[in-house]
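The structure appears right after this line, and notes come after that.
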Amino acid sequence: MNQIKYLFHYKKYGMLRYLSHLETMKMIDRALRRTGIELKQTEGFHQRTKISFAQALPTGIIDLAGLFVVTTFEEIDVSRLKEANKLCPRGCEFVKAEKVDEKFKLSRFVDGYEFKLIFLKEPEDASFDIEKKGEIWIARIFRSFNSSIPKNGEYGQFLTIRSQAITGGAN
Amino acid sequence: MNVLKKLVNVLDKVQKPSRYIGGEYNSVRKKDSKINLCLVFPDLYDVGMSHFGMSILYDVVNSSSFASCERAYLPWLDMQEEMKKEGIPLYSLESYRPLDKFDVIGFTLQYEMSYPNVLRALKLANIPIHRNERDDTYPIVIAGGPCTVNPAPMEEFIDAFFVGDGEEGIIEMLKIINEGGNKRHKLEKLSTIQGVYVPGISEKASKRFVSRMPNAPTAQIVPYTNTIHDRGVVEILRGCTHGCRFCQAGMIYRPVRERSYQEIVDLSRKIVKFTGYEEISLLSLSSADHSQIKELMSHLKEIKNVSFSIPSTRVDALSVELANAVSGVRKSGITLAPEAGSQRLMDVINKGITEEQIFEALKHAKNSGWSRIKLYFMLGLPTESDEDVMAIGEMLQKVKKMGFKNVSATLGVFVPKPHTPFQFASQIEPEEAYRRYKLISWAHKYAKINFTDPRKALIEGVLSRGDSSIGKVIEKAEKKNLVFPDWNETFNPDEWMKIFEEENVNLKRISASKDVKDVFPWDKIDVGVLKGYLWLEYQKALKGTLTQDCRNGCTGCGVCQRFGVKNVLAGRKAPDPLKVSVEKVSGEGI
Ligand code: SF4
């Protein structure tokens, strides 16, 4: 049977921002299992889908730029993805699934991430690139792949959002 | 009260916030029901989500046309603190509604050590803990689960207890509560349902039975949190008739009711599909007993991408065979429970196995590639002598010499439980337990021995065989923040001992051996097995006489004769229950 590698883009928001990285992985694995799509499993006794995730997020952060790679034995078209989304808990959404090359590596694909920090009052740290929107202030910061991620509340922000993956396309 | 809005302020500050967010896949948010029930497991989410009873009732109620069911668990101490600070009451995980907005609150009492947690849950929900302080404006507080076979210690707090299989009873109860009227009126009507005991109204109550295995939930709730048992569940059989004389489950869940292997396979497939679980647990008190276990194991192999687990701890060749079948190539650790070390004592407890068979099973385990073995024993069983204790050490030595790399033993102090033959037996005191434990200190070089604090057993004994005066102890324990007493990090035995003293609890009397003529606080609950039968079993125990498993022939415990049920085996017909008159089985004129 033909193996196909897929890069999934997903979002995790609402109450699901309180999942740890491990809990997120498990939640996604089980959502995929419910679709019945045949997925490559890890070796070893315990049943687990072989999924590689990009950089882990600390608990509490909203993720609009989640990425993972799985290997399937069947095509995942738009309608299949739609079905999959119906099998996700509220707050988790698969945005798209794109076929990638056999040698695709997330660590080479992702250069870094853009984060948005939401403040309820004007932040003191002037080094941010800040925009005021109605009652809130939004700061944008960039962090390169696998460097430290701004923790919730670290700068006095009310919310932290991983808003975008910056991809260089080295693959 | 908008709980959700306030939660945002606290969830960033607590450990494992996923326990508190609700909205898990397959959880049901049923709107516009006539009557709303919130089931509460009085322990941490991680534990509560691992118990199956609640998910059965959740499914039954949410499938009904008129009622909804939601869930709550007791938050860990850090979350309790934060909730108090923010003014967040205990809320349900489906609609984030404060518990006092429900019509009915249903606690599941799975183990006595959770009693203080029940009171804490009520307090967190701003509901008065005493039943007589709750007027019509508060929810009716009911409780089910195995501990209800002795409702006395909790009867000041609970409006109505439900004893037995709850699938039908819960609907009947909700219907009555839905019919309206004042609290007193509702409780009076509830007391007429078989299985319901209403303190202050009922004089007696009988357990409720379902004669066959009922429908089972397949769209089971999938937690985000790594719970203790994070997997799908198929209950393959209910009840156990081996007749171990210490075992409460074996007495109160009679008779045996098996599900056919076809149904189990079908349920397993559905669970995998609806949940995405990668593991399914085949639940029962003794899985190896299933009359179609061989067919079952071979058919389960056809289900792809899922592993099965069987929580069986009996020490026989078949159990080892089952452990082999589900473990595949990776054989990490096997757990077996001989309970006693000597043949004499095994006969006293009616384990129904010989030492020879145990060692055969162990040899089989060894040859099948198991290298780590965990053994369970009880200290202080009736008639136990120092030789019997030494025999535990000798068994460990022998096991180690068989070549197991890693042998560990857990030693717990025996707690006599209501409605078992050993309800008449005495419980040894902590000092005596330590003395006996020391008798096998030489065996530490063969096995890692874990000795559970005997004061835990003492507390458990008081909560199990206690009467209604123990309610004061539970109340005080909650006040002194002795919640989560089952957790090592929060267990504070010294404080418990202080409370026993302050409340003048007669530990000697509770722990002493008893006579058949004694009146017990739990006599008002009829679980089916007759007190006279239990007494005869106790007498046989003292003589070391065995009683057979009643799937091979009825031994006249009284359940089937009196409640019109019988052992239902999937693979063969069980022998008919004996036709004995109640007087005859009850012995001694009880
Ligand atoms: S009445 Fe007989 S067959 Fe029924 S549970 Fe008791 S011993 Fe077993």
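Remarks
Per-residue answers, yes or no, for (1) out of contact with any strand residue (DSSP E or B) (no Cβ under 6 Å at 6 or more places or on another chain); (2) within 14 Å of chain A (Cβ to nearest Cβ):
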residue	(1), (2)
B:E172	yes, no
B:I221	yes, yes
B:T225	yes, yes
B:V233	no, no
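- Among residues of segment A:71-96 being within 28 Å of A:Q157 (Cα to Cα) and within 12 Å of chain B (Cβ to nearest Cβ), the one that is most open to solvent (accessible area, probe 1.4 Å) is A:R90.
- Enumeration of residues in segment A:13-38 that are open to solvent by 20 Å² or more (accessible area, probe 1.4 Å), under 25 Å from A:Q157 (Cβ atoms) and either at pLDDT below 90 or assigned to a loop (DSSP other than H, G, I, E, B) (or both): A:Y13, A:S20
- Being within 11 Å of chain B (Cβ to nearest Cβ) and either open to solvent by 40 Å² or more (accessible area, probe 1.4 Å) or part of a strand (DSSP E or B) (or both) is a description that does not apply to A:L7.
- Condition met for B:G544 (surrounded by fewer than 17 Cβ atoms within 10 Å (Cβ to Cβ) and of a type in the set (G, A, S)): yes
- Count - residues of segment A:10-31 that are within 13 Å of B:E278 (Cα to Cα) and at the interface with chain B (Cβ under 7 Å from one of its Cβ atoms): 3
- Tabulated pairs, segment B:79-90, first closer than 11 Å to B:L11 by Cα, second open to solvent by 10 Å² or more (accessible area, probe 1.4 Å) and not hydrophobic (A, V, I, L, M, F, W, C), C-beta under 6 angstrom, 6+ apart or interchain: B:E82/B:K13
- B:G250 under 24 Å from B:I392 (Cβ atoms) and either open to solvent by less than 30 Å² (accessible area, probe 1.4 Å) or within 16 Å of the ligand (Cβ to nearest atom) (or both): yes
- Residues of segment B:546-582 satisfying the condition of being more than 9 Å from the ligand (Cβ to nearest atom) and basic (K, R): B:R572, B:K573, B:K579
- Screening segment B:8-51 for residues that are free of Cβ contacts under 8 Å to residues at least 40 places away in the same chain, crowded, with 18+ Cβ neighbours inside 10 Å and under 26 Å from A:K86 (Cα atoms) and picking the one that is nearest to the other protein chains (Cβ to nearest Cβ) gives B:P17.
- Every listed requirement among (1) more than 9 Å from chain B (Cβ to nearest Cβ); (2) surrounded by fewer than 19 Cβ atoms within 10 Å (Cβ to Cβ) is met by A:Q41 save one, (1).
- Number of positions in segment B:113-130 that are open to solvent by 10 Å² or more (accessible area, probe 1.4 Å) and either of a type in the set (K, R) or in contact (Cβ under 8 Å) with a residue 24 or more places away in the chain (or both): 6
- Of all the residues in segment B:569-588, those that are modelled with pLDDT under 70 and open to solvent by less than 40 Å² (accessible area, probe 1.4 Å) number 4.
- In segment B:185-206, the residues that are closer than 12 Å to B:F162 by Cβ form Cβ pairs under 9 Å with partners that are in a helix (DSSP H, G or I) and among the small types (G, A, S), at six or more places apart or across chains, as follows: B:I193/B:G169; B:Q194/B:G169; B:G195/B:G169; B:V196/B:G169.
- Among the residues listed as B:E167, B:E156, the single one being closer than 25 Å to B:P214 by Cα, in contact (Cβ under 8 Å) with a residue 60 or more places away in the chain and open to solvent by 10 Å² or more (accessible area, probe 1.4 Å): B:E167
- Scope segment B:221-246; condition within 14 Å of the ligand (Cβ to nearest atom) and assigned to a loop (DSSP other than H, G, I, E, B); matching residues: B:G239, B:C240, B:T241, B:H242, B:G243, B:C244, B:R245
- For B:V320, the conditions (1) touching a helix residue (DSSP H, G or I) at 6+ places or on another chain (Cβ under 6 Å); (2) open to solvent by 10 Å² or more (accessible area, probe 1.4 Å) are fulfilled apart from (2).
- Residue tally, condition under 12 Å from B:S268 (Cβ atoms), more than 14 Å from every other protein chain (Cβ to nearest Cβ) and not in a loop (DSSP other than H, G, I, E, B), over segment B:298-311: 1
- Filtering segment A:132-154 to residues that are farther than 14 Å from A:L57 by Cα and within 14 Å of chain B (Cβ to nearest Cβ) leaves A:G153, A:E154.
- Residue within segment B:270-281 that is modelled with pLDDT of 90 or more, hydrophobic (A, V, I, L, M, F, W, C) and within 25 Å of the chain's Cα centre (by Cα) present: yes
- Residue in segment B:478-492 that is assigned to a helix (DSSP H, G or I), buried (at least 16 other Cβ atoms within 10 Å of the Cβ) and in contact with an Asp or Glu (Cβ under 8 Å, 6 or more places away or on another chain) present: no
- Under the condition of being within 14 Å of chain B (Cβ to nearest Cβ) and either out of contact with any Lys or Arg (no Cβ under 9 Å at 6 or more places or on another chain) or crowded, with 16+ Cβ neighbours inside 10 Å (or both), the residues counted in segment A:49-70 number 8.
The values are calculated or read from the model by the stated rules, or taken from the named source; none is laboratory data. On a predicted model such as this, the values are computed, not experimentally measured, just so you know. Methodologically, a virtual Cβ is constructed for each residue, glycine included, from the backbone with ideal geometry; neighbour enumeration extends over all protein chains shown. These area figures cover heavy atoms from the full protein model, side chains too; ligands, DNA and RNA do not enter into them. Shrake-Rupley method; radii C 1.70, N 1.55, O 1.52, S 1.80 Å.
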